Amino acid sequence: MPATSMPATSHTKAAEAHESAAKMHRTAAECHQKGDNKAALGCSEKAMKLSETAHDCCKDAHTKSKTAAH
């Protein structure tokens, strides 16, 4: 894989992780709207973990971008 594609791959991975977290947040909101607070709590916890993963992916992509820029 060429060096220039590595940051793009990392950014794509970060974007996908953010999308997964957002989807789970929306699912939690839907559960709350339906009055299923137990399911909403479970979805909210999953969303938080996915958000943390997305944040880690973001930091990795940023680091790789800085390295590629030099």
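Please give every one of the lysines within straight-line cross-link reach of LYS64, meaning a C-alpha to C-alpha distance under 19 Å, and leave out same-chain neighbours fewer than 8 residues apart.
Here the lysines satisfying the reach criterion relative to LYS64 are LYS13.
How many percent of all Cα-Cα pairs in the chain sit more than 20 Å apart? List each step's numbers first, then the result.
Details: 1006 of 2415 pairs.
When all Cα pairs of the chain are counted, 42 percent exceed 20 Å.
What ³J(HN,Hα) values, in whole Hz, does the Karplus curve 6.51 cos²θ - 1.76 cosθ + 1.60 give for region 20-34 when θ = phi - 60°, with x put for Gly and Pro?
In residue order, the calculated couplings are 5, 5, 4, 4, 5, 4, 5, 4, 4, 4, 5, 4, 4, 4, 7 Hz.
Once ligands and nucleic acids are excluded and a 1.4 Å probe is used, how much of CYS43 is accessible, expressed in Å² to the nearest 10?
Ignoring ligands and nucleic acids, CYS43 comes out at about 20 Å².
At a 1.4 Å probe, what is the % contribution of carbon and sulfur to the accessible area of the chain?
Roughly 59 percent of what the probe reaches on the chain is carbon or sulfur.
Provide the FRET efficiency to the nearest 0.05 for the GLU30-HIS55 pair, computing r from the beta carbons and using R0 = 25 Å.
My answer for the efficiency is 0.60.
The values are calculated or read from the model by the stated rules, or taken from the named source; none is laboratory data. All of these numbers come straight from a predicted model, not from anything done at the bench. Neighbour counts run over all protein chains shown; Cβ positions are idealised from the backbone, glycine included. Accessible surface areas use protein heavy atoms only, side chains included; no ligands, DNA or RNA. Shrake-Rupley method; radii C 1.70, N 1.55, O 1.52, S 1.80 Å.
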